[in-house]
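Below you'll find the structure, written out as structure tokens, and then a few comments.
Every read-out reported here was derived from the displayed coordinates using simple, explicitly stated rules and does not represent laboratory data. Please read these numbers as outputs of a predicted model, since none were measured by experiment. Cβ atoms come from the backbone with ideal geometry, glycine included; neighbour counts cover every protein chain shown.
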Amino acid sequence: MSTAARARAAMTEPDAASPVPPAAAHAGPPILAVEALSKEFGGVHAIEDLSFTVSRGRIHSIIGPNGAGKTTLFNLVTGVYTPSAGRVLFDGQPVSGLAPYKLAARGMSRTFQNLQIFFNMSAIENVMVGRHLHLDRRLLPALFRFPSLVRKDREAKERAAELMREVGLGRYIDAESAAMPYGALKRLEIARALAAEPVLLLLDEPAAGLNATESREIDELIKLVAGRGVTIILVEHDMKMVMGISDHILALNYGRKLAEGTPAEVAANPDVVAAYLGTLD
Ligand SMILES: Nc1ncnc2c1ncn2[C@@H]1O[C@H](COP(=O)(O)OP(=O)(O)OP(=O)(O)O)[C@@H](O)[C@H]1O
Ligand SMILES: [Mg+2]
């Protein structure tokens, strides 16, 4: 079967039901609202007049061909880029212009399409960096001088080890990050993002470069995290994963919204099939 045919089969035969139970209804604003958002890079409209909302406790996926603007959208939402126009509201509050670490401290964490591991640090220290986003930055230099803070750090280390076990990295707790295989590093990034105890987790291609077994394990991990009430926004090219795991899908093309809805609705949308699968032939 060709790549396109496989992807088409995955899109038209979504798993019968999402294994993630629907979240309880929450009052209040959506956890994320994107309003008329645009980002231009010297004439390239990477994101153009894009609006959508993300409701709490669900798995939302964003799909689209290479260059559709998915990573740019993540960078706009997480404060890496400033929008050319429009705005982003996190938990009802406008956040455009806030630094990524401030957003992380408010409960927004992410992983990166291109791994951003600190290879000069051990695996567990990488996870603890995520945890430290919770501590007052002014206290960090003092961390190793005061016994009470050292104790706090020891707690952070224990929590980081626990998180590593939860994401299936128990055997790497004492490892140097530079010695870890690629699949484990993808999980390490997820563990670091979880260390900040996010309410919203953005995953940019967590299964890219992984084999089928590793991809299934990531799929399970995402469901586990979502099952604990963390809202997930997933960017992923693995259509089988996307169709099986998502409560809601937003399809982008050339920075614009092509379609959105349930996996079945988006998979049946002829514009999505044409735009997305056309690129795979
Ligand atoms: N920092 C930048 N400077 C200039 N152009 C950029 C920059 N970042 C992204 N772009 C352009 O914006 C468009 C969207 O890129 P983006 O990386 O967001 O796509 P994507 O959907 O994540 O693609 P992929 O599936 O390949 O990861 C592309 O045309 C890209 O070349
Ligand atoms: Mg990308």
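From the residues Ala226, Val242, Gly209, which one has its Cα farthest along the dipole of the range 180-281 in the positive direction, the dipole being from +1 and -1 charges on Cβ of Lys/Arg and Asp/Glu about the Cα centre? Farthest towards the positive end: Ala226. Taking the range 209-226 and a reference point 7 angstrom along Cα→Cβ of Val80, the backbone N atoms nearer than 17 Å belong to 209. Computed from the C-beta positions of Ala178 and Leu224 and an R0 of 25 Å, the FRET efficiency is 0.35 to the nearest 0.05.
Each 10 Å bin from 0 upward holds the following percent of the Cα-Cα pairs of the range 158-281: 11, 40, 31, 14, 4, 0.
The radius of gyration of the Cα set in the range 169-212, together with its Dmax, comes out at 11.3, 31 angstrom. Computed from the alpha carbon positions, the gyration tensor of the range 171-240 leads to an equivalent ellipsoid with semi-axes of 19, 17, 10 Å, biggest first. Backbone geometry of the range 170-179 corresponds, through the Karplus equation with coefficients 6.51, -1.76 and 1.60 at θ = phi - 60°, to 3J(HN,Hα) couplings of x, 6, 9, 4, 9, 8, 7, 4, 5, 9 Hz, x marking Gly and Pro. Partner aspartates and glutamates whose Cα lies under 16 Å from the Cα of Lys39, excluding those fewer than 8 positions away in the same chain, are identified as Glu48, Asp49. Once the Cα-Cα distance is subtracted from the 0.36 nm per residue extended length, the Phe118 to Arg165 segment shows a gain of 15.0 nm.
Straight-line cross-link partners of Lys223 among the lysines, defined as a Cα under 29 Å from its Cα and at least 8 positions apart when in the same chain: Lys70, Lys102, Lys157, Lys186, Lys240, Lys257.
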